[in-house]
1. When you check residue 34 against the structure, is it more than 16 Å from residue 2 (Cα to Cα), at pLDDT 95 or above and surrounded by fewer than 16 Cβ atoms within 10 Å (Cβ to Cβ), yes or no?
2. Select from region 98-116 the residues that are under 14 Å from the mean Cα position of the chain (by Cα), hydrophobic (A, V, I, L, M, F, W, C) and within 11 Å of residue 136 (Cβ to Cβ) and list them in ascending order.
3. Would you point out the residue of region 1-44, among those that are among the acidic types (Asp, Glu) and assigned to a helix (DSSP H, G or I), that is farthest from residue 70 (Cα to Cα)?
4. How many of the residues making up region 119-146 are at pLDDT 90 or above and over 20 Å from residue 59 (Cα atoms)?
5. As an exercise: evaluate residue 26 against (1) surrounded by 15 or more Cβ atoms within 10 Å (Cβ to Cβ); (2) at pLDDT below 95; (3) of a type in the set (Ser, Thr, Tyr) and give the number of the one condition it does not meet.
6. Could you please give the count of residues in region 87-118 that are modelled with pLDDT under 95, in a loop (DSSP other than H, G, I, E, B) and of a type outside the set (A, V, I, L, M, F, W, C)?
7. Kindly indicate whether residue 18 is acidic (Asp, Glu), modelled with pLDDT of 95 or more and more than 29 Å from residue 139 (Cα to Cα).
8. Which one of these is closer than 23 Å to residue 35 by Cα, at pLDDT 95 or above and exposed (fewer than 14 other Cβ atoms within 10 Å of the Cβ): 60, 53?
Amino acid sequence: MTRIEHSSWQQIAKVIKDIRSTVFVYEWRIPRAVEFDEVDSVSDHVVLYDDELPVATGRLCPDGYLSRVAVIASRRKTNAADEVFKALAEIAQRKNFDVLTICADIAHVESCRKGGFQCSGRVFMEAGVPRQKLSCPVNRFQPVSWDWLH
């Protein structure tokens, strides 16, 4: 059985750090100093639990940016990322956000467009990967398969 917990960084930082360290720092080799930033302390965070095991996390930044969505390897072929995105979008609606933004690897832009997102700005490089910023009105966000995320 799964459940989502919505919390602040201060209340659940250890659980979030464990998931994001596993996925981004150890698997993707992103420097810890880059992965954990000052935005964490002012963002809304969710953690997805499966039978009380934390398996995924994500954050909603104060500007509507959805980021740091991480799913542990054993749950990547499930709907874990979908549940995280849905929970973050619901928080954004409750907070009366108008627009959500994400950044995606260029290979996954079309998947994001199916979720209601539109390209915004130019393709840019981040950690050697071509990426695209996309935005979506909160009320047009569509749950789609986000299984390409890590």
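The values are calculated or read from the model by the stated rules, or taken from the named source; none is laboratory data. None of the values given here were measured: they were computed from a predicted structure. We place every Cβ from the backbone using ideal geometry, glycine too, and count neighbours over all the protein chains shown.
1. Working: more than 16 Å from residue 2 (Cα to Cα): yes; at pLDDT 95 or above: no; surrounded by fewer than 16 Cβ atoms within 10 Å (Cβ to Cβ): yes.
The answer is no for residue 34.
2. Once the filter is applied, which keeps residues that are under 14 Å from the mean Cα position of the chain (by Cα), hydrophobic (A, V, I, L, M, F, W, C) and within 11 Å of residue 136 (Cβ to Cβ), region 98-116 yields 100, 102, 112.
3. Residues of region 1-44 that are among the acidic types (Asp, Glu), as a first pass: 5, 18, 27, 35, 37-38, 40, 44.
Within this subset, residues satisfying the condition of being assigned to a helix (DSSP H, G or I) are 18, 27, 35, 40.
Details: 18: 10, 27: 11, 35: 11, 40: 14 Å.
Checked region 1-44; the qualifying residue farthest from residue 70 (Cα to Cα) is 40.
4. Of the residues in region 119-146, 8 are at pLDDT 90 or above and over 20 Å from residue 59 (Cα atoms).
5. (1)
6. 2
7. On the way: acidic (Asp, Glu): yes; modelled with pLDDT of 95 or more: yes; more than 29 Å from residue 139 (Cα to Cα): yes.
Here the answer is yes, as residue 18 does meet what is asked.
8. Working: 60 fails: exposed (fewer than 14 other Cβ atoms within 10 Å of the Cβ).
Answer to the check: 53.
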